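S.K.: Quick one: structure below, then a few questions.
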Amino acid sequence: MGMVSQPLLVTILMLAVSNLFMTFAWYGHLKNMASSPWYIAALASWGIALFEYMIQVPANRIGYTHLNLGQLKILQEVITLSVFVPFAVLYMNQPLKWDYLYAGLCMMGAVYFIFRT
């Protein structure tokens, strides 16, 4: 396996940043806005998600120049899990579970099958 191409590295980094925004948009309100009405939380989440899309859309366009659609999706899922676990444990104070490791192992299987040639 050769070196990771620059467009692929840029895609990975941009998707990681966009996923951080999306994770906060989806789950941050559970901690920060628990006493706010749901529609206020939804509007705040929508505002955060705008930044996510401003990064995610160009990242997917760049990635699609080197990856097929399935590979791009599995890459996004691996990044999602990689961002979600630290978010859940460090920010939301959830316990670190073995289930996260098992989910990661399943994702490794998905990566193998979608990227094999």
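Every number here is computed from the coordinates shown, using simple stated rules; none is lab data. Since we're looking at a predicted model, the values are computed, not measured. Backbone-built Cβ (ideal geometry, glycine too); neighbour counts: all protein chains shown.
S.K.: Assign unit charges at the C-beta atoms only (+1 for Lys and Arg, -1 for Asp and Glu), then state the dipole size of the chain relative to its Cα centre in Debye, rounded to the nearest 20.
M.R.: 80 debye
S.K.: All other residues with a Cβ under 12 Å from the Cβ of residue 71 taken together, and with Lys, Arg as +1 and Asp, Glu as -1, what is their net charge? Before the final figure, lay out each step's value.
M.R.: On the way: positive: 73, 116; negative: 77.
Counting the neighbours of residue 71, the net charge comes to +1.
S.K.: Would you calculate the convex hull of the Cα atoms in the chain and tell me its volume per residue in Å³?
M.R.: 111 Å³
S.K.: Separation between the residue 26 and residue 54 pseudo-spin-labels, each 7 Å from Cα along Cα→Cβ, expressed in nm?
M.R.: Each label point lies 7 Å from its Cα, and together they span 2.2 nm.
S.K.: Further, regarding this structure: First measure r as the distance between the Cβ atoms of residue 38 and residue 110, then evaluate 1/(1 + (r/R0)^6) with R0 = 35 Å and state the FRET efficiency to the nearest 0.05. Before the final figure, lay out each step's value.
M.R.: Numbers: r = 33 Å, r/R0 = 0.95.
Efficiency at R0 = 35 Å is approximately 0.60.
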